[in-house]
1. Is there a residue in the range 293-315 that is within 30 Å of Glu174 (Cβ to Cβ) and touching a strand residue (DSSP E or B) at 6+ places or on another chain (Cβ under 8 Å)?
2. Given the conditions (1) modelled with pLDDT under 90; (2) over 30 Å from Leu34 (Cβ atoms), which single one is not true for Arg149?
3. Of all residues in the range 262-315, which are in a helix (DSSP H, G or I), open to solvent by less than 40 Å² (accessible area, probe 1.4 Å) and in contact (Cβ under 8 Å) with a residue 40 or more places away in the chain?
4. As an exercise: evaluate Arg282 against (1) within 30 Å of Gln151 (Cα to Cα); (2) among the charged types (D, E, K, R); (3) over 21 Å from the mean Cα position of the chain (by Cα) and give the number of the one condition it does not meet.
5. Tell me, yes or no, whether the range 83-90 has at least one residue that is of a type in the set (A, V, I, L, M, F, W, C) and modelled with pLDDT of 80 or more.
6. Identify the residue in the range 151-182 that is of a type in the set (Lys, Arg) and out of contact with any helix residue (DSSP H, G or I) (no Cβ under 6 Å at 6 or more places or on another chain) and, among all such residues, is least open to solvent (accessible area, probe 1.4 Å).
7. When the range 156-192 is examined, which residues are found to be farther than 18 Å from Gln314 by Cβ, free of Cβ contacts under 8 Å to residues at least 24 places away in the same chain and hydrophobic (A, V, I, L, M, F, W, C)?
8. Would you please name the residue that is modelled with the lowest pLDDT, looking only at residues in the range 194-231 that are closer than 30 Å to Thr163 by Cα and surrounded by 12 or more Cβ atoms within 10 Å (Cβ to Cβ)?
Amino acid sequence: MASRGATEAHHLQESALQLSQPIDVVQVDGLVALKIIKHCHGSAGEEAGADVVQGALLGLVNGRILEVTNCFAFPESAGQEGDEDDMEAHDYQIEMMRLLRDINVDHLHVGWYQSTMIRASFNKTLLESQSLYQKAIEQSVVLLYDPVRTQQGSLGLEAYRLTTKAMEMMKTGEFTSDRLVKKEMTWRMLFEQVPLELKNSHLVNSLLLELSSAEAVHTPHDFLTVGGSSVLESNMCMLMDVVDETSQDSNRFAQYLKQQQRQNQQIQNWQLRRQQENQQRRQRGEPPLPEEDVHKIFKPLPSPSRLDNLLMCQQMQTYCKQLQDVAGSNLTKLFMLNAAQNE
């Protein structure tokens with residue numbers, strides 16, 4: 001669905017946002033953040049984050065700042081397969097952008113957003129969709145919103161984009177070990193997180209200040225409550241799954257290396273036998289056997305793609321970061337409670 005949105009963005013904006021300088025920060029309007037949160041929680045049913053929802057980001061590039069000033073959700077039918085659903089999604093997005101343009105609202109695509117369940121979103125679909133967006137619009141980003149993390153008291157909204165090396169690798173689609181070594185590519189160079197800022201107008205800030213000062217009833221807050229056990233458990237379970245998948249992938253790659261080593265040994269043995277046979281034929285006065293292409297006799301083994309391994313390493317890093325955030329907060333509260341009890 002996001003890949004179709006990227007294609008449509010390319011057709012709708014052939015000359016927009018073609019600046020070569022990279023962006024340093026993503027500035028998101030507060031109303032846009034509220035729209036994303038409402039869309040993700042409103043489409044989740046009883047359990048927040050149960051369904052993956054996506055939408056388009058609209059705005060403009062101001063120097064090295066990407067300003068996201070508006071957004072709209074992709075229709076649910078766009079997630080289904082079929083030519084008819086694709087045409088409906090295409091017509092819907094074109095009509096939305098035309099209406100926004102008619103009322104003098106920013107209507108230029110600058111990226112897309114997606115809900116994610118505890119940051120479990122770094123996969124091939126995200127990689128391919130963001131690659132299509134950055135091919136059409138160089139400064140585009142993807143906003144990942146985590147509803148579970150938001151329910152724990154921290155806004156789970158982060159901005160990511162593909163690095164320059166990742167875009168070069170996506171042009172050929174070859175993520176073999178030899179090519180990764182040649183490009184000096186590691187999993188840390190796949191996605192880069194862009195600093196994100198929330199910005200409100202002066203009128204909105206004045207309204208928030210007035211509402212906060214006019215609040216008569218102050219609800220109590222349990223600042224020292226140690227929570228997040230469900231988040232820790234979910235992260236640990238998913239982290240163990242990713243570690244198992246990474247271990248299986250490493251075993252498959254090790255088997256490939258053994259097969260390649262065995263084939264190289266067979267090639268060396270065959271070349272040695274051919275040399276010895278030609279020497280014997282020369283001693284007998286016979287013409288030597290012609291040189292043959294080794295690859296015609298021994299078919300080269302296809303090199304496995306290491307893209308899955310890069311994505312799994314990226315996913316493990318996000319799980320570890322989430323565990324560090326939750327555990328660090330809880331440990332701080334425990335030390336504060338321990339010090340209060342001792343006094």
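The values are calculated or read from the model by the stated rules, or taken from the named source; none is laboratory data. Here the structure is a predicted model, which is why all the values come from computation and not from measurement. Glycine also receives a Cβ, built like all others from the backbone with ideal geometry; neighbour counts cover every protein chain displayed. Side chains are part of the model used for accessible areas, which takes the heavy atoms of the whole protein and leaves out ligands, DNA and RNA. Shrake-Rupley method; radii C 1.70, N 1.55, O 1.52, S 1.80 Å.
1. Quick first cut of the range 293-315, residues within 30 Å of Glu174 (Cβ to Cβ) only: 293-315.
Now narrow it down to the ones that are touching a strand residue (DSSP E or B) at 6+ places or on another chain (Cβ under 8 Å): 314.
Within the range 293-315, one or more residues are within 30 Å of Glu174 (Cβ to Cβ) and touching a strand residue (DSSP E or B) at 6+ places or on another chain (Cβ under 8 Å).
2. (2)
3. Of the residues in the range 262-315, the ones in a helix (DSSP H, G or I) are 262-283, 294-297, 307-315.
Those left that are additionally open to solvent by less than 40 Å² (accessible area, probe 1.4 Å): 263, 267, 274, 278, 294, 307, 309-315.
If the condition is that a residue be in a helix (DSSP H, G or I), open to solvent by less than 40 Å² (accessible area, probe 1.4 Å) and in contact (Cβ under 8 Å) with a residue 40 or more places away in the chain, then Leu307, Asn309, Leu310, Leu311, Met312, Cys313, Gln314, Gln315 are the ones that fit.
4. Failed condition: (1).
5. First pass over the range 83-90, keeping only residues of a type in the set (A, V, I, L, M, F, W, C): 87, 89.
Subset that is modelled with pLDDT of 80 or more: none.
Among the residues of the range 83-90, not one is of a type in the set (A, V, I, L, M, F, W, C) and modelled with pLDDT of 80 or more, which makes the answer no.
6. So the first thing to find is which residues in the range 151-182 are of a type in the set (Lys, Arg), and the list is 161, 165, 171, 179, 182.
Checking which are out of contact with any helix residue (DSSP H, G or I) (no Cβ under 6 Å at 6 or more places or on another chain) leaves us with 161, 171, 179, 182.
Working: Arg161: 28, Lys171: 157, Arg179: 51, Lys182: 162 Å².
So, considering only residues that are of a type in the set (Lys, Arg) and out of contact with any helix residue (DSSP H, G or I) (no Cβ under 6 Å at 6 or more places or on another chain), the one least open to solvent (accessible area, probe 1.4 Å) is Arg161.
7. Matches in the range 156-192: Val181 only.
8. Our first condition is that a residue be closer than 30 Å to Thr163 by Cα; within the range 194-231, this holds for 194-200, 231.
With surrounded by 12 or more Cβ atoms within 10 Å (Cβ to Cβ) added as a condition, the list becomes 194, 196, 198-200, 231.
Values: Val194: 93, Leu196: 94, Leu198: 91, Lys199: 89, Asn200: 87, Val231: 72.
Per the criteria, the residue is Val231.
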